[in-house]
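The values are calculated or read from the model by the stated rules, or taken from the named source; none is laboratory data. The structure presented is a predicted model; accordingly, all values stated were derived computationally and were not measured. Backbone-built Cβ (ideal geometry, glycine too); neighbour counts: all protein chains shown. What goes into the accessible areas is simple: the full protein's heavy atoms, side chains included, and nothing from ligands, DNA or RNA. Shrake-Rupley method; radii C 1.70, N 1.55, O 1.52, S 1.80 Å.
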Amino acid sequence: MKVVILKDSDSVAAYGADIFVKHINKKPNAVLGLATGSTPVALYKKLISAYSNGHVSFADVSTFNLDEYLGISGDHPQSYRYFMNQQFFDHINIDKNSTAVPQGDAEDPIAACEAYETDIKQKGGIDIQLLGIGRNGHIGFNEPSSSLMSRTRVKTLTRATIDDNARFFSADEYQPHLSLTMGIGTILETKLVVLLATGESKANAIKAMVEGPLTASCPASALQMHQDAVIIIDEAAASKLLDIEFYKHIEIENEKLKERLAR
Ligand code: PGA
């Protein structure tokens with residue numbers, strides 16, 4: 001795991017967006033794994049401005065989102081399909097037919113999950129996977145106790161996640177308690193993981209993910225097994241880590257090595 005600690009949320013979004021822009025410029029038909037939630041919004045804004053300024057094109061990119069609520073359709077304002085259109089896809093030159101979000105209103109959700117896995121494989125796998133992290137350590141909707149080998153499937157949301165996301169639903173609105181989500185095994189197969197977290201409310205989850213044991217009680221700790229995971233966090237989200245100085249030292253040494261190799 002590479003832990004990058006930056007001063008604030010804007011720097012976190014800029015650092016993450018830069019990884020995506022560089023990658024897409026190297027591989028214009030990159031397959032992106034995308035995430036919803038509050039944290040990725042700032043990164044999407046940076047990518048939209050990179051596109052508007054002519055620094056990147058999404059014309060040949062395809063995307064797979066991590067998860068979706070089960071029981072609502074893509075035109076529901078709280079669906080993750082709707083979120084992605086509003087926050088990102090409607091503002092860039094991506095072909096919407098190349099953007100996939102698990103189908104929340106599928107007649108057979110189990111078959112839809114299996115088909116999602118097949119579609120990812122047919123595209124050659126995910127090149128870069130964007131992740132947030134829940135306060136309970138979830139990634140996607142892989143809640144604590146999720147199998148570390150899990151694939152895309154139907155998953156029950158915890159009370160903590162339902163409460164965290166209640167802010168998006170009005171008081172009289174139906175809030176789903178089930179989801180379709182890529183599994184932890186699916187996420188571990190992506191080539192590069194870029195996880196963003198900001199704010200003190202994420203500090204315990206970040207500590208458990210980076211310095212805790214590998215355990216289904218903190219699904220994000222599975223990323224300790226990923227070969228190329230970059231964890232980009234602000235000072236507040238890093239505040240409970242024990243080895244902050246070491247992670248910063250690694251970054252400085254990596255930069256020096258990069259300079260030396262570039263000479
Ligand atoms: P947030 O959600 O970015 O809204 O905090 C992150 C997550 O639950 O994955």
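Just one of Ser52, Ser57 is farther than 18 Å from Tyr116 by Cβ, open to solvent by 60 Å² or more (accessible area, probe 1.4 Å) and either over 16 Å from the mean Cα position of the chain (by Cα) or among the small types (Gly, Ala, Ser) (or both); which is it?
Ser52
Does Asn93 satisfy being surrounded by 14 or more Cβ atoms within 10 Å (Cβ to Cβ) and at pLDDT 95 or above?
no
Hey, any hits in region 168-189 for a residue that's of a type outside the set (A, V, I, L, M, F, W, C), away from the ligand (no atom under 16 Å from the Cβ), in contact with a helix residue (DSSP H, G or I) (Cβ under 8 Å, 6 or more places away or on another chain) and under 30 Å from Ala111 (Cα atoms)?
No.
Go through the residues of region 214-224 one by one and say whether even a single one is surrounded by 14 or more Cβ atoms within 10 Å (Cβ to Cβ), touching a residue at least 12 places away in the same chain (Cβ under 8 Å) and in contact with a Lys or Arg (Cβ under 8 Å, 6 or more places away or on another chain).
Within region 214-224 (the criterion being surrounded by 14 or more Cβ atoms within 10 Å (Cβ to Cβ), touching a residue at least 12 places away in the same chain (Cβ under 8 Å) and in contact with a Lys or Arg (Cβ under 8 Å, 6 or more places away or on another chain)), the answer is no, since none of the residues qualifies.
Give the number of residues within region 4-29 that are in contact (Cβ under 8 Å) with a residue 40 or more places away in the chain, under 14 Å from Leu192 (Cα atoms) and crowded, with 22+ Cβ neighbours inside 10 Å.
Of the residues in region 4-29, 2 are in contact (Cβ under 8 Å) with a residue 40 or more places away in the chain, under 14 Å from Leu192 (Cα atoms) and crowded, with 22+ Cβ neighbours inside 10 Å.
Go through (1) within 29 Å of Ser49 (Cα to Cα); (2) under 18 Å from the mean Cα position of the chain (by Cα); (3) of a type outside the set (A, V, I, L, M) and name the single condition Glu117 misses.
It fails just one condition, (1).
What about Glu245, is it open to solvent by 60 Å² or more (accessible area, probe 1.4 Å) and either closer than 28 Å to Val21 by Cα or within 13 Å of the ligand (Cβ to nearest atom) (or both)?
Judged against the criteria, Glu245 is not a match.
Among helices (runs of 4 or more DSSP H) lying entirely in region 173-244, which contain 1 or more residues that are touching an Asp or Glu at 6+ places or on another chain (Cβ under 6 Å) and among the hydrophobic types (A, V, I, L, M, F, W, C)?
Per the criteria, 235-238.
Pull up region 32-42, narrow it to residues that are over 8 Å from the mean Cα position of the chain (by Cα) and either without any contact (Cβ under 8 Å) to a residue 12 or more places away in the chain or within 17 Å of Asp67 (Cβ to Cβ) (or both), then point me to the one that is farthest from the ligand (Cβ to nearest atom).
Here the answer is Leu32.
With Ser170, Ser150 as the choices, which residue is crowded, with 17+ Cβ neighbours inside 10 Å and outside any helix (DSSP H, G or I)?
Ser150
If Ile187 passes every condition in (1) open to solvent by 30 Å² or more (accessible area, probe 1.4 Å); (2) under 22 Å from Tyr80 (Cα atoms); (3) touching a strand residue (DSSP E or B) at 6+ places or on another chain (Cβ under 9 Å) but one, which one does it miss?
(1)
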